[in-house]
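We did not get these values from a lab; they are worked out from the coordinates using the rules stated. It should be emphasised that the depicted structure is a prediction, and the values quoted were computed from it without experimental measurement. A quick note on method: Cβ atoms are made from the backbone with ideal geometry, for glycine too, and the neighbour counts reach across all protein chains shown.
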Amino acid sequence: MKWGLIGASAIAGNTMIDAFRRNGHEVLSVQSSGQSRADEFAAKHMIPHATTDVEDLLGQDVDAVYISSTNEKHFPQAMAAIRAGKHVLCEKPVAMNLGDAVTMVKAAEDAGLVFGTNHHLRNGANHRAIRDLIRKGAIGEVLSARVFHAVYLPQSLQGWRIDNAGAGGGVILDIVVHDADTIRFHLGEDPVQVVAQSTSGRLGNGVEDSVMSVWSMPSGVQVQTHESFTHAHAGNGIEFHGTEGSIIARGVMQKPEGEIVLRRGDEVTPVAFEPEDLYERSARLFGEAVAGKGKPAADGRDGIASLAVALAVAWAAETGQRTAVDYGDI
Ligand code: NDP
């Protein structure tokens with residue numbers, strides 16, 4: 001696999017380049033809006049070609065692009081890559097609105113190209129262990145789920161995320177999409193309706209920095225979520241409560257680690273799993289999908305669905321209305 005990187009971003013530099021290389025993939029080119037930034041990034045990460053021009057990158061001998069620019073650029077960049085016949089691994093949220101998300105995913109499908117969404121959490125052995133427990137009925141019929149994913153946004157990330165709505169800033173497009181993907185992964189169903197309230201002003205300037213929401217699922221399961229940029233001490237986790245028991249997982253929403261227990265009455269059983277690098281697995285499954293074996297961990301339709309839930313949460317928070325999730329025409 002030969003990759004072109006669209007976006008000289010922190011996530012590309014800190015995690016994805018290594019994840020590609022650990023899978024034996026090559027990174028041939030990087031595109032940034034500034035040539036000196038592109039050159040600096042390329043030199044630092046030993047990438048042979050650097051450009052400001054997406055078409056120039058697409059003209060290189062690359063099989064796939066990894067798009068990790070700010071969120072408003074994902075749609076035009078993905079469409080350019082698809083037109084050039086390149087497979088696309090796109091960061092979340094895949095787009096700023098549902099119409100663009102559906103258009104890009106359909107375009108990739110029509111062109112026979114692999115489209116992946118880099119929802120990393122479902123790659124975790126921790127989350128796979130939770131899903132296995134749910135699937136084999138360890139907690140009986142699931143009644144409810146709770147996601148607590150309120151973090152303190154590190155100083156290094158306090159740029160466009162906290163003050164630039166046009167670039168897709170705000171905690172809803174940043175974290176709710178991940179939680180939506182994770183809930184869909186565990187429950188195998190899509191939220192139907194949401195209610196939500198958000199706040200801003202602590203870190204967020206013109207964008208929300210905290211949100212709480214409740215989602216209803218087709219099966220009747222109730223889901224409660226809390227996402228924030230302003231909580232330094234809250235920790236994170238996910239819980240599933242069923243008729244026969246509960247799964248309580250702590251520290252699993254940011255890293256492949258954490259602790260999982262299965263609780264039935266007073267009986268508490270630790271759940272073992274072997275931590276595995278989330279991004280390395282994401283890159284591996286994407287590469288295998290390009291080679292015709294299987295699917296990316298999260299595909300384009302997963303990216304559409306997580307965005308659809310986030311947009312419903314945003315609308316519900318803005319209007320105070322109970323909001324049906326619109327998954328678009330796909
Ligand atoms: P960054 O802020 O690091 O990068 C985004 C863009 O900002 C870059 O493409 C770059 O533009 C520009 N930029 C970055 N640093 C500088 C700088 N010092 N000076 C000028 N411009 C700069 O974003 P992230 O890496 O945090 O996020 C990128 C994407 O990845 C987002 O869509 C985000 O949602 C997603 N993400 C996903 C994660 C996951 O786990 N799946 C985790 C983190 C982020 P240019 O390329 O034009 O130079």
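Which residue, T117, S246, I67, has the largest displacement toward the positive end of the dipole of the chain when charges sit on each Cβ (Lys, Arg +1; Asp, Glu -1)?
Of the listed residues, the answer is S246.
What FRET efficiency, computed as 1/(1 + (r/R0)^6) with R0 = 30 Å and r the Cβ-Cβ distance, is obtained for K255 and T52, rounded to the nearest 0.05? Display every interim value, and only then the final one.
Working: r = 34 Å, r/R0 = 1.14.
E between K255 and T52, to the nearest 0.05, is 0.30.
Just going by the charge dipole of segment 129-247, with Lys and Arg at +1 and Asp and Glu at -1 on Cβ, which of I162, M217, G137 is farthest out on the positive end?
The residue sitting most towards the positive pole is G137.
What list of ³J(HN,Hα) couplings, whole Hz, do you get for segment 67-73 from phi and the Karplus terms 6.51, -1.76, 1.60, once you set θ to phi - 60° and write x for glycine and proline?
9, 9, 6, 5, 5, 6, 8
Return the calculated 222 nm mean residue ellipticity for the chain, to the nearest 500 deg cm²/dmol, obtained by summing -39500 (n - 2.57) across DSSP H runs with n ≥ 4 and dividing by the residue count.
Taken over the chain, the calculation gives -9500 deg cm²/dmol.
Could you check the spin-label model distance between A291 and E318? Points 7 Å from the Cα along Cα→Cβ, value in nm.
If labels sit at A291 and E318, their model points lie 4.4 nm apart.
May I ask which of K2/K106; K92/K136; K86/K255; K2/K136 have a Cα-Cα span longer than 27 Å here? Display every interim value, and only then the final one.
Working: K2/K106 23 Å; K92/K136 30 Å; K86/K255 30 Å; K2/K136 39 Å.
Table pairs above 27 Å Cα-Cα are K92/K136; K86/K255; K2/K136.
Tell me, what HN-Hα J-couplings in whole Hz come from the Karplus equation 6.51 cos²θ - 1.76 cosθ + 1.60 at θ = phi - 60° for each residue of segment 204-215, using x for Gly and Pro?
Taking θ as phi minus 60°, the curve returns x, 10, x, 9, 6, 10, 8, 8, 10, 8, 10, 10 Hz for segment 204-215.
Nearest 20 debye, what's the magnitude of the dipole of the chain about its Cα centre given +1 on Lys and Arg Cβ and -1 on Asp and Glu Cβ? Numbers along the way, then the final one.
Working: 29 positive and 41 negative charges, 79 e Å.
Taking the Cα centre of the chain as origin, the dipole is about 380 debye.
Tell me the label-point distance for the pair A165, T269, using the 7 Å Cα-to-Cβ offset, in nm and rounded to one decimal.
5.0 nm
By how many degrees, 0 to 90 and rounded to 10, does the Cα axis of helix 35-44 deviate from the longest principal axis of the chain?
Tilt relative to the chain: about 70 degrees.
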